[in-house]
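Working notes, beginning with the structure itself.
The values are calculated or read from the model by the stated rules, or taken from the named source; none is laboratory data. Keep in mind that what you see is a predicted model, and the values were worked out from it rather than measured. Heads up, the Cβs are rebuilt from the backbone with ideal geometry, glycines too, and the neighbour counts pull from every protein chain shown. Side chains are part of the model used for accessible areas, which takes the heavy atoms of the whole protein and leaves out ligands, DNA and RNA. Shrake-Rupley method; radii C 1.70, N 1.55, O 1.52, S 1.80 Å.
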Amino acid sequence: MSETPEQQSAAGTPMVRATPRDVVHIRLGSFAVFIALALSVLAFVAGFTVGGVVLVVLAVAAVVDVVLAVRRQRRLGGGSRSMT
């Protein structure tokens, strides 16, 4: 499959579907959710419920951050014609 060159805006910036900031938020957020949920399960098993609750709250905050990053991506629009 051949790729077309990346389109540029009138200001000269690349037109892409996602910003690097959104990609970092999604990747690190998903990693944080996985680690927080795993540690919260261990905390509940060990009887440390306060730590488990704190980790669940952190996991929920990370999920909210990932959802907001995905919404920002969709709001940016199509970008390059080769990606649509």
Inset, instruction - Please identify the pairs in which a residue from region 26-49 that is in contact (Cβ under 8 Å) with a residue 40 or more places away in the chain and among the aromatic types (Phe, Trp, Tyr) has its Cβ atom under 9 Å from the Cβ atom of a residue that is part of a helix (DSSP H, G or I) and open to solvent by less than 90 Å² (accessible area, probe 1.4 Å), counting only partners at least 6 apart or on another chain. - result: none
Inset, instruction - Could you tell me which residue of region 72-84 is farthest from the chain's Cα centre (by Cα), considering only residues that are modelled with pLDDT of 60 or more and surrounded by fewer than 13 Cβ atoms within 10 Å (Cβ to Cβ)? - result: Arg75
Inset, instruction - Go through region 29-47 and give me each residue that's among the hydroxyl-bearing types (Ser, Thr, Tyr) and either open to solvent by 50 Å² or more (accessible area, probe 1.4 Å) or touching a Phe, Trp or Tyr at 6+ places or on another chain (Cβ under 9 Å) (or both). - result: Ser30
Inset, instruction - Consider Ala69 carefully, then state whether it is at pLDDT 95 or above and either farther than 22 Å from Ser9 by Cα or not charged (D, E, K, R) (or both). - result: no
